[in-house]
Every structure is written in C-alpha cells, then in structure tokens.
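The values are calculated or read from the model by the stated rules, or taken from the named source; none is laboratory data. Note that the structure is a prediction, hence the values are computed from the model and not measured. FYI the Cβ positions are ideal-geometry reconstructions off the backbone, even for glycines, and counts take in every protein chain you see. Accessible surface areas use protein heavy atoms only, side chains included; no ligands, DNA or RNA. Shrake-Rupley method; radii C 1.70, N 1.55, O 1.52, S 1.80 Å.
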Amino acid sequence: ETGVTQTPRHLVMGMTNKKSLKCEQHLGHNAMYWYKQSAKKPLELMFVYNFKEQTENNSVPSRFSPECPNSSHLFLHLHTLQPEDSALYLCASSQDRQPPYEQYFGPGTRLTVT
Amino acid sequence: AQSVTQLDSQVPVFEEAPVELRCNYSSSVSVYLFWYVQYPNQGLQLLLKYLSGSTLVKGINGFEAEFNKSQTSFHLRKPSVHISDTAEYFCAVRENYGGSQGNLIFGKGTKLSVKP
C-alpha cells in the first residue's frame, strides 16, 4: 500500500451505534489530520496530530473521539452520532518539518447516519 | 484573518476550450498556495503548489496557476480542457510564520463541468 489509506470506504450507522474510522499513511509524515466534507460547505478541519500529539481540536463535539497511537495511524471513534454528521470524512498527512508542506489525502469514508 | 474565496461555485465549459478558475485569499503574512482536485467519490489530489520563486507554476494534467501578490490571487488555468477534467477544484492557503506554518484553509470549491 502506498500513500494514505482509509477504511471503511462506506459506513452506515444508527444513532446509537459505535464505530471507528481508520487512516494509515505510508509516507513517513509527522502530521495527520481529520477533515469533514459536507455538501455545500467548505472542508472543515476537525483534528490535527503532530508526532502523535493532538495539536488542534476545532470545537468538535465529543461524540467524535480521535486517537493517534503512532505517526502512521489515526482513528476517529464515533458514538451517538446525529443525522447531520453524515458526510465524507477525509484523512490527510503532511511532512511539516521542511517544505513543501502539502497535505496528502486519503480517499475518504462516506458516512451515513440513519 | 486568513480566508480563501473561490468566486465561482460552478463553471461549465465545452471540451477543448480554455478555462480559468479564480481564487483570492486574504492574509497578513506570507503564504503557501495550493490547488487540489477532487474527482467523484475520491479524496483530494494535489494539482500544483506555490511556495516561492517564479509566480507561474505548472502542475499535473496541463494545469498552471499564477500567483499575484498585489491582487492576492492564485487563479488556475488550462488552455484546453478534456471531459476527464470534470471534477471539483479547491484552492487552499497555508500561512507561513517563518519556522512554522498555519493550518491549510480551503475555499468552498469550484465544480468544473466539461461538456462535449
């Protein structure tokens, strides 16, 4: 596997379920990100991890819980979600210690909350 | 505050015609600029980037963009589009603080629709 991978690609869950999204990067990057992409809204940055430490939480509701066990893996644990949480969740990684600083994105997980 | 404006939400164009997708940003510090493309049901792919140096940057798939500091713009252009260029295009800006960078801030995206 190369680049940034995400599993599952599609997920349907009820409001009382608990599920997790997984992201893995094979690029040797130090930073990883979770974004939410909803229809008709700009990409929303949710969480940032740098060398496994969370450096940013953009006022994300506590029903979203991130976990970064190492620099290559990132999880997003989901519980008691709302229908408005249905969206495409994108993971990204970057090497921030030197240019060019661009982020590499995974294919996303399409989440539907019923 | 840092922000990115993509003036056109949708751009329809005929195949082999030229296209320009507009992007303007606001920032009080120097910035790094990026264009990403998103095909249906996929993640974002980097098209090109401007970090420093020549203001005209070339990217993949025949796209290019020009950084204009005085107009705080970074418009994306392609001289002749193909059906396969149909996708959503995102402009993004990252502030440069010297030893560190800010978060990547995205515009709302422009949907390019290429018609035969």
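Rounded to two decimal places and with Rh computed the Kirkwood way over Cα pairs, what is Rg over Rh for the protein assembly as shown?
0.97
For chain A, just run the numbers: alpha carbon Rg, then divide by 2.2 N^0.38 Å, N being how many residues it has.
Relative to the 2.2 N^0.38 Å estimate, chain A comes out at 1.01.
Report Rg(Cα)/(2.2 N^0.38 Å) for chain B, keeping two decimals.
Working it through for chain B, the quotient is 1.03.
I'd like the Kirkwood hydrodynamic radius of the stretch A:62-110, using the inverse of the mean 1/r over distinct C-alpha pairs, in Å.
12.7 Å
Using the crude model of +1 on Lys and Arg Cβ and -1 on Asp and Glu Cβ, and no other charge, please compute the dipole size for chain A relative to its Cα centre, in debye to 20.
340 debye
Within 10 Å of each Cβ in peptide B:34-47, how many partner chain Cβ atoms are there on average? Round it to a whole number, please.
The shielding value for this peptide is 4.
How big, in percent, is the set of alpha carbon pairs in the stretch A:1-46 lying more than 14 Å apart?
65 percent
Pull up the DSSP beta bridges for chain A and report the antiparallel fraction as a percent, rounded to 5.
90 percent
Under a 1.4 angstrom probe, counting protein chains only, how are B:8, B:85 ranked by accessible area, largest first?
I get B:8, B:85, largest accessible area first.
How many Cβ atoms of partner chains, on average, are near each residue of A:98-109 if near means within 10 Å of its Cβ?
5
Lys/Arg Cβ at +1, Asp/Glu Cβ at -1, dipole of chain A taken about the Cα centre: which of A:72, A:30, A:7 is farthest positive-ward?
About the Cα centre, the residue reaching furthest to the positive side is A:7.
Among all cysteines in the protein assembly as shown, which have no other cysteine Cβ under 4.7 Å from their own Cβ?
Lone cysteines by the Cβ rule: A:68.
Going toward the positive end of the dipole of the stretch B:61-116, with +1 on Lys and Arg Cβ and -1 on Asp and Glu Cβ, which of B:113, B:97, B:61 do you reach last?
B:113
Counting only other chains, and only Cβ atoms inside 10 Å, what mean value do you get across the residues of B:92-101?
2
Grab the Cα-Cα distance for residue B:2 and residue B:56, subtract it from 0.36 nm times how many residues apart they are, and report the gain in nm with one decimal.
17.2 nm
At a probe radius of 1.4 Å, figure out the A/B buried accessible area, summed over both chains, and give it in Å² to the nearest 100.
By this definition, chains A and B bury close to 1600 Å².
In debye, nearest 20, what is the charge dipole magnitude of the protein assembly as shown about its Cα centre with +1 on Lys and Arg Cβ and -1 on Asp and Glu Cβ, if you could check?
I would put it at about 300 debye.
Grab the eigenvalues of the alpha-carbon gyration tensor for the stretch B:45-97, scale each by 5, take roots, and send me the semi-axes largest first in whole angstrom.
21, 12, 10
Using +1 on the beta carbon of Lys and Arg, -1 on that of Asp and Glu, and nothing else charged, what's the dipole of chain B about the Cα centre, debye to 20?
180 debye
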